[in-house]
Amino acid sequence: MTGFPTAARAALADAQLRRNLGKATTAIRAKRAAAVAELDDWEALRDAGAAIKARALATLPEQLERLEANVTRAGGTVQWARDGAEACAIVARIAEAHGTRELIKVKSLATDEIGLNEALARRGISAIETDLAELIVQLAADEPSHILVPAIHLNRAEIAALFERTIARGQRLGLEPSAIAEAARRHLREQFLSVPVAVSGANFGVAETGSIGVVESEGNGRMCTTLPQVLITLMGIEKVLPEWRDLEVMLQLLPRSSTAERMNPYTSIWTGVREHDGPREFHLVLLDGGRTDVLADEVGRQALRCIRCSACLNVCPVYSRTGGHAYESVYPGPIGAILTPQLRGLDRAPTLPWASSLCGACYEVCPVKIDIPTVLVHLRARVVREAKSRWSPERLAMDALARVFATRSRYERAQRLARLGNGPIAQLPGPLSGWTAMRELPGVPKESFREWWRHR
Ligand code: SF4
């Protein structure tokens, strides 16, 4: 972790990355706006989505116990993981119990968050990504840079070259998208038909019925949740929805906000196990991983309403220039700026709440009405408060200013002193230089308002 300012500087220096990002985010933004404009009741849907998630969070223990009971009743097994290490160990134990050294994966941010692939690799188990973009990132030994489009930072030529070096085994693919996709398709078909254990995340877990839902666009998720003998789902505890009817709202909000589609191409929903139909074993791993700490923060807890649509990333003026890697987390963009510091602890990501211009565009598009700017300001205040005991130039400067502003006589004396300086200040010394790096400090006027008032 280098912190957002340093990581962003490196990203901004990459002209190709900025071109790729600019093109992709502009296109997605326009499509989403058109898809949302088709619905007269979009604002009412957003209100409903926010209310459903708020209810789920306010009654979280009850909903999770309902979910556990109903998954178990339908023949599934539920295990609880306090943190990523526990969750990884559970998944590895299940894979080992079935004697496999390989498993296939549906795209899942929760598994990326806990470093599941790396943890499994340390136990000699390979996790094969089956989502096209995740596969690209895995083959390139890279990191995802967008929630929905993990390889948004790579263009077609870069991906074709990567496939030629890896899964196409030297075969020339050219730049035709269908030829590039065909190489991935052939590679993945073999995995779907031969690997016995699959791991998925969950977009929703319905407490009322014990059903788990995964939405995706490529059909790879459908293959993973139906073909293998064993299915393991890792679900963050905030993904629970109280009732089946809540899906009516969520399945309208999510596709229009994420891929700008009216309906999601593949929506897989399963409830436990069923003889001669789909996997013979189903394991649900419920992950806390810092979420109950987030829930304890009255302002910050709304971040748990997120349905990972990525609409806030595509409208963010900061994200669309730096890309996702600068956030040093699987959750980039505005949602990452409020979720990562809360999940990891503010001391481990103290610069992220400042990775925003506070323009409010993220709040306007969020389908579950997360007031990201308010949470950002709240987290900034927490960072400053929690750093109170630590020495910082900003803190020293603020203490000095507080003394100057405390009395009128001190304030006027300071004004007279400052007037001795000459014109605008282009660069402040030492640690204060950061302030003047992007702006000029105006000089103090020859006469203050009070002096002007007095002599008139
Ligand atoms: S914060 Fe809102 S807009 Fe951003 S990814 Fe989450 S649900 Fe989507």
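The numbered conditions (1) under 25 Å from residue 155 (Cα atoms); (2) of a type in the set (A, V, I, L, M, F, W, C); (3) modelled with pLDDT of 95 or more are all true for residue 338 except (1). The criterion of at least 3 residues that are of a type in the set (A, V, I, L, M) is met, among helices (runs of 4 or more DSSP H) falling completely within the stretch 48-122, by 60-73, 84-97, 116-122. Annotation: residue 280 fulfils all but one of (1) more than 13 Å from the ligand (Cβ to nearest atom); (2) within 24 Å of residue 149 (Cα to Cα); the unmet one is (2).
Of all residues in the stretch 1-23, those satisfying the criterion of being over 12 Å from residue 321 (Cβ atoms) and not in a helix (DSSP H, G or I) are 1, 2, 3. Given the options 110, 95, name the one that is buried (at least 20 other Cβ atoms within 10 Å of the Cβ), farther than 25 Å from residue 332 by Cβ and modelled with pLDDT of 95 or more. Of the residues listed, the single one that is buried (at least 20 other Cβ atoms within 10 Å of the Cβ), farther than 25 Å from residue 332 by Cβ and modelled with pLDDT of 95 or more is 95.
Residues in the stretch 80-92 that are surrounded by fewer than 20 Cβ atoms within 10 Å (Cβ to Cβ), over 19 Å from residue 64 (Cβ atoms) and under 24 Å from the mean Cα position of the chain (by Cα): 85, 89.
For the residues 313, 286, the requirement of being under 24 Å from residue 247 (Cα atoms) and within 16 Å of the ligand (Cβ to nearest atom) singles out 313. Looking only at residues in the stretch 15-56 that are of a type in the set (Asp, Glu) and in contact (Cβ under 8 Å) with a residue 40 or more places away in the chain, which one is surrounded by the most Cβ atoms within 10 Å (Cβ to Cβ)? Taking the candidates together, the pick is 47. Given the condition aromatic (Phe, Trp, Tyr) and touching a strand residue (DSSP E or B) at 6+ places or on another chain (Cβ under 8 Å), answer yes or no: does some residue in the stretch 182-196 qualify? Checked against the condition, which is being aromatic (Phe, Trp, Tyr) and touching a strand residue (DSSP E or B) at 6+ places or on another chain (Cβ under 8 Å), the stretch 182-196 yields at least one hit.
Contact map, the stretch 404-424: first residue at negative phi, second residue surrounded by 11 or more Cβ atoms within 10 Å (Cβ to Cβ) and small (Gly, Ala, Ser), Cβ cut-off under 7 Å, separation 6 or more or different chains; pairs are 404/414; 415/448; 421/443; 424/443.
Rundown of residues vs (1) assigned to a strand (DSSP E or B); (2) within 15 Å of residue 147 (Cα to Cα); (3) more than 13 Å from the ligand (Cβ to nearest atom), yes/no style:
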position: 251; (1), (2), (3): no, no, yes
position: 255; (1), (2), (3): no, yes, no
position: 270; (1), (2), (3): yes, no, yes
position: 297; (1), (2), (3): no, no, yes
position: 304; (1), (2), (3): no, no, no
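No other residue among 383, 330, 315 is more than 23 Å from residue 1 (Cβ to Cβ), touching a Ser or Thr at 6+ places or on another chain (Cβ under 9 Å) and β-branched (Val, Ile, Thr) apart from 315.
When you scan the stretch 351-418 for helices (runs of 4 or more DSSP H) that lie fully inside it, which ones turn up with 2 or more residues that are in contact with a Pro (Cβ under 9 Å, 6 or more places away or on another chain) and within 16 Å of the ligand (Cβ to nearest atom)?
Once the helices (runs of 4 or more DSSP H) in the stretch 351-418 are filtered for at least 2 residues that are in contact with a Pro (Cβ under 9 Å, 6 or more places away or on another chain) and within 16 Å of the ligand (Cβ to nearest atom), what remains is 361-365, 372-386.
Give the residues of the stretch 323-346 that are under 18 Å from residue 360 (Cα atoms) and either away from the ligand (no atom under 12 Å from the Cβ) or outside any helix (DSSP H, G or I) (or both), sorted by residue number.
332
Those residues that are among the polar types (S, T, N, Q) and assigned to a loop (DSSP other than H, G, I, E, B), I need them from the stretch 190-237; list them, please. Answer for the stretch 190-237, where residues must be among the polar types (S, T, N, Q) and assigned to a loop (DSSP other than H, G, I, E, B): 203, 209, 217, 229. The C-beta contact set for the stretch 307-319 (first residue within 17 Å of residue 329 (Cα to Cα) and touching a residue at least 24 places away in the same chain (Cβ under 8 Å), second residue aromatic (Phe, Trp, Tyr) and more than 8 Å from the ligand (Cβ to nearest atom), distance under 6 angstrom, 6+ apart or interchain) comprises 313/319.
The values are calculated or read from the model by the stated rules, or taken from the named source; none is laboratory data. All values derive from a computational prediction rather than experimental measurement. So basically every Cβ, Gly included, is an ideal-geometry build from the backbone, and we count neighbours across all protein chains shown.
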